[in-house]
Amino acid sequence: MRFSLAVALSALCLFLSGPTEAQNPEAVFLSRYVWHDPARAFGGISGIDLAPDGRAFRAISDRGNLLSGRLRREDGQIIGVDDLRIVQLRNGFGTPLRGAMQDSEGLVWDGGPNVVISFEGNHRLAMFDADGLLRRQLPLAREFLSFESNQGMEALALGPEGALYTVAEAVARDGKSTLYRFDGTRWTVAFRFAGDGEFLPVGADFGPDGALYLLERDFTGLGFRSRVRRFDLGDGTARVGDGQVLWQSRAREFDNLEGVSVWRDGAGNLRLTMVSDDNFMRFQRTELVEFVISEGLAKSRSSD
C-alpha cells in the first residue's frame, strides 16, 4: 500500500524516536537489520518469502521490482544481504510494468524458479519467472473486482497443501475479513475472522507448523503499529475463530512492516522474519526484523 506524503512525514517520528517496549511475549524479539543498497530500484519492499534455511529469499517492491538474494547471518542474526539481484516485472511481451499495473504487494515462493505475486490498483494475481517475465495470469474471484484501488490483496500465502490464500487489506462493514483459498481451479472462502477496526491485514505466511501467520498494521498518526496473529486451521472441519495475537508493537517501534515469512531455524525454533516498506522516503527505513516464537506458550494459550 502506498502512503501519502503526509503519512510519510508523520513516520519521520519513528526514525527519530527509536524503539519502545513490545507487548505479548509469545513472540520474542531477536534482531533488527537496517537494509541499505545504492541501487535506484531498491526500496518499497512490500512482501518477502524465505527458503527453509532462512537465507535465500525472494521479495517484491510496490513499484514492480522482484528482488532475490541471500541473508548473511552471524550467530543466527542478520548482518547483511549477499548476491542481491533486482529485476523489473515485465508482461508477456517483455515490456516493463508501468503505472497502476506495477503496484505489486504480496508474494509467495516455493523455492522453485517462479513466484506468484498479488497486485493492487489493477487487482490481479500472476506468476512470474526469476527474470521477472510474466508466465501466466491466475483467475480471480468475483469479489476481488469490488476491492478499493488501494485496499486489495496485500497478504498472500501458500498453504501446506499447495493452495494459495489471500486476504484483502480492507475490512468489510461487519468488521470481518475474509480469507480466500485457490486450489488451482476455483476460489472459495476458507473462513472469516474479526478485526478490531484499527489493524489491517498486510502480509501472511504459513509456518512449518501448518498455522497461518497474519501480519497486520495500524497507522496512528504518530507512527506505525504492527501485530501478528496466528490461526490454526486444523483439518478444516472446526471453527477457526479470530486467531491469537502473538505479538503487538507500540507506535514507532518499527517502520512500516508489510511482509512476513515464517521458518524454522537450526535449533528447531519458529522464526518470524518481517520486512518494512520505506515508501522510497529518505527518512524511512527498510528493516528486516526477526522474532522467535515461543511455541509452547503460544500453543497452550491458543487451546485455552
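The values are calculated or read from the model by the stated rules, or taken from the named source; none is laboratory data. What you are looking at is a predicted structure, and each value in this text was computed from that prediction instead of being measured. FYI the Cβ positions are ideal-geometry reconstructions off the backbone, even for glycines, and counts take in every protein chain you see.
Residue-wise test of (1) buried (at least 20 other Cβ atoms within 10 Å of the Cβ); (2) within 15 Å of the chain's Cα centre (by Cα); (3) at pLDDT below 90.
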| position | (1), (2), (3) |
| --- | --- |
| 150 | no, no, yes |
| 158 | no, yes, no |
| 164 | yes, yes, no |
| 172 | no, no, yes |
| 177 | yes, no, no |
| 196 | no, no, yes |
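Quick grid of which residues meet (1) within 23 Å of residue 160 (Cβ to Cβ); (2) among the charged types (D, E, K, R); (3) touching a residue at least 12 places away in the same chain (Cβ under 8 Å); (4) not in a strand (DSSP E or B):
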site: 92; (1), (2), (3), (4): no, no, yes, yes
site: 107; (1), (2), (3), (4): yes, no, yes, no
site: 117; (1), (2), (3), (4): yes, no, yes, no
site: 130; (1), (2), (3), (4): no, no, yes, yes
site: 134; (1), (2), (3), (4): no, no, yes, no
Residue among 179, 214 that alone is of a type outside the set (Lys, Arg) and within 23 Å of residue 111 (Cβ to Cβ)
214
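I'm trying to understand the selection: among the residues of the range 146-182, which are assigned to a strand (DSSP E or B) and either among the polar types (S, T, N, Q) or farther than 22 Å from residue 228 by Cα (or both)? Outline the logic, then answer.
The first filter runs over the range 146-182 and keeps only residues assigned to a strand (DSSP E or B), leaving 155-158, 164-167, 176-182.
Residues satisfying the conditions are 166, 177, 178, 182.
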All conditions in (1) of a type outside the set (D, E, K, R); (2) touching an Asp or Glu at 6+ places or on another chain (Cβ under 9 Å); (3) assigned to a loop (DSSP other than H, G, I, E, B); (4) closer than 20 Å to residue 125 by Cα are true of residue 185 except (2)
Would you confirm, using the coordinates I've provided, whether residue 143 is over 20 Å from residue 207 (Cα atoms) and part of a helix (DSSP H, G or I)?
yes
Among the residues of the range 3-25, are any modelled with pLDDT under 50, on the phi < 0 side of the Ramachandran plot and buried (at least 21 other Cβ atoms within 10 Å of the Cβ)?
yes
Flag for residue 183 being touching a strand residue (DSSP E or B) at 6+ places or on another chain (Cβ under 9 Å), surrounded by fewer than 21 Cβ atoms within 10 Å (Cβ to Cβ) and touching a residue at least 40 places away in the same chain (Cβ under 8 Å):
no
Among the residues in the range 222-245, are any surrounded by 17 or more Cβ atoms within 10 Å (Cβ to Cβ), touching a Lys or Arg at 6+ places or on another chain (Cβ under 8 Å) and at pLDDT below 90?
yes
Residues of the range 202-235 being under 14 Å from residue 256 (Cβ atoms), of a type outside the set (Lys, Arg) and not in a loop (DSSP other than H, G, I, E, B), which ones?
202, 203, 215, 216, 218, 219, 224, 226
If I ask for residues that are hydroxyl-bearing (Ser, Thr, Tyr) and surrounded by fewer than 12 Cβ atoms within 10 Å (Cβ to Cβ), which ones from the range 84-104 would you list?
95
Residue pairs meeting the criteria (Cβ under 6 Å; at least 6 apart or on separate chains; first in contact (Cβ under 8 Å) with a residue 60 or more places away in the chain, in the range 264-278; second basic (Lys, Arg))
265/271; 270/264; 278/285
Within the range 136-162, which residues are touching a residue at least 24 places away in the same chain (Cβ under 8 Å) and among the acidic types (Asp, Glu)?
143, 154
Identify, from the list 145, 107, 140, 125, the residue that is out of contact with any Ser or Thr (no Cβ under 9 Å at 6 or more places or on another chain), within 23 Å of residue 183 (Cα to Cα) and surrounded by 15 or more Cβ atoms within 10 Å (Cβ to Cβ).
140
Please determine, by comparing only the residues of the range 34-55 that are under 24 Å from residue 230 (Cα atoms) and outside any loop (DSSP other than H, G, I, E, B), which one is nearest to the chain's Cα centre (by Cα).
47
Name, by its number, the condition in (1) farther than 24 Å from residue 34 by Cβ; (2) touching a residue at least 60 places away in the same chain (Cβ under 8 Å) that does not hold for residue 240.
(2)
